[in-house]
Amino acid sequence: DIQMTQSPASLSASLEEIVTITCQASQDIGNWLAWYQQKPGKSPQLLIHSATSLADGIPSRFSGSRSGTQYSLKISRLQVEDTGIYYCLQRYSNPYTFGAGTKLELK
Amino acid sequence: EVQLVESGGGLVKPGSSLKLSCVASGFTFSSYGMHWIRQAPKKGLEWIALIYYDSSNKYYADSVKGRFTISRDNSKNTLYLEMNSLRSEDTAMYYCANWEYWGQGVMVTVSS
C-alpha cells in the first residue's frame with residue numbers, strides 16, 4: 001500500500017500569512033494527488049486535483065505543487081474561512097490512501 | 001447542481017447487517033466510478049470501496065473485504081454499500097463520492 005505522510009499535524013497561523021502543508025508519498029504516484037479541506041460537521045471539499053490543478057470555485061490563494069514524491073498545498077494569504085482540517089489523497093492505485101490530516105487554526 | 005445523498009445508517013449491534021444507499025443527481029452518474037469513504041469519530045478519512053462506472057470492477061480495503069459489498073444501479077442513479085458482520089470498529093460517518101463531489105455522509109454506529 002502507498003503511504004502518505006502528511007505534515008505538520010497541526011498549524012497555527014495569522015491572517016494574511018503564507019501557509020504550506022506537505023505530503024510525502026512512499027512511492028511514485030505521478031500527479032495522482034488531491035487536496036481536500038474539511039470543516040467541522042461537513043464533508044470534505046476538493047481544493048486541488050492532479051497535484052496542481054485548482055478545483056472549480058476554489059479561490060486562487062490555494063495552490064498545489066509537486067517535487068518528486070513530495071506534494072505541497074500552499075495558501076498564499078490565510079483568511080478566516082480557511083480554518084479546518086486538510087487532507088491529501090493519493091489516487092494512483094488502490095487502496096487509495098489519505099494523509100493523516102493537518103488541523104489549521106488562526107493564531 | 002450536483003447532489004449525493006446518503007441514507008440507511010443507524011445504530012446496530014455487532015454482527016448485524018446494514019445497507020447504505022447514495023442517490024446521485026446533477027451529473028451523469030453512469031459515467032463515473034464511485035467510492036465509499038468512512039471517517040471514524042474524531043479520526044481521519046479511510047477509503048473503503050470503489051466500483052467502476054459499469055460495475056465491471058470492484059475493489060475493497062482490507063478492513064472490509066469479505067464483509068462489505070459495493071454495488072450500483074445506474075437506472076436509479078444509486079450507489080449501495082451492503083455491510084455484514086458489523087464490528088464496533090466500523091462505527092463511522094460513511095460518505096459516497098466520485099472524488100470531486102461528496103455526499104453529506106450517513107452515520108453508522110455499531111454497539112451492543
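General remarks:
- Unique residue being more than 24 Å from A:Gln38 (Cα to Cα) and in contact with a Cys (Cβ under 7 Å, 6 or more places away or on another chain) when the list is B:Thr78, B:Thr28: B:Thr78
- Candidates in the stretch A:73-90 are the residues that are open to solvent by 20 Å² or more (accessible area, probe 1.4 Å) and free of Cβ contacts under 8 Å to residues at least 60 places away in the same chain; of these, the one that is farthest from A:Ile2 (Cα to Cα) is A:Glu81.
- Those strands (runs of 3 or more DSSP E) lying entirely in the stretch A:25-107 with at least 3 residues within 11 Å of another protein chain (Cβ to nearest Cβ): A:33-38, A:45-49, A:84-90
- Contact annotation: residue pairs with Cβ atoms under 7 Å, 6 or more positions apart or on different chains, pairing a residue in the stretch A:20-45 that is without any contact (Cβ under 8 Å) to a residue 12 or more places away in the chain with a partner that is assigned to a loop (DSSP other than H, G, I, E, B) and open to solvent by less than 70 Å² (accessible area, probe 1.4 Å), are A:Ser43/B:Gly103; A:Ser43/B:Gly105.
- Of all the residues in the stretch B:6-34, those that are under 23 Å from B:Thr91 (Cβ atoms) and of a type in the set (Val, Ile, Thr) number 1.
- Every test in (1) within 11 Å of the chain's Cα centre (by Cα); (2) in contact (Cβ under 8 Å) with a residue 24 or more places away in the chain is passed by A:Lys107 save one, and that test is (1).
- Take the conditions (1) closer than 21 Å to B:Lys13 by Cβ; (2) hydrophobic (A, V, I, L, M, F, W, C); (3) more than 10 Å from chain A (Cβ to nearest Cβ); B:Ile51 misses just one of them, which is (1).
- Residues of the stretch A:24-49 that are open to solvent by 50 Å² or more (accessible area, probe 1.4 Å) and more than 24 Å from B:Gln39 (Cβ to Cβ): A:Gln27, A:Asp28, A:Asn31.
The values are calculated or read from the model by the stated rules, or taken from the named source; none is laboratory data. Remember, it's a predicted structure, so these values are computed and weren't measured experimentally. Cβ sites come from the backbone with ideal geometry, for glycine too, and all protein chains shown count toward neighbours. Remember, those area values only see protein heavy atoms, side chains included, never the ligands or the DNA or RNA. Shrake-Rupley method; radii C 1.70, N 1.55, O 1.52, S 1.80 Å.
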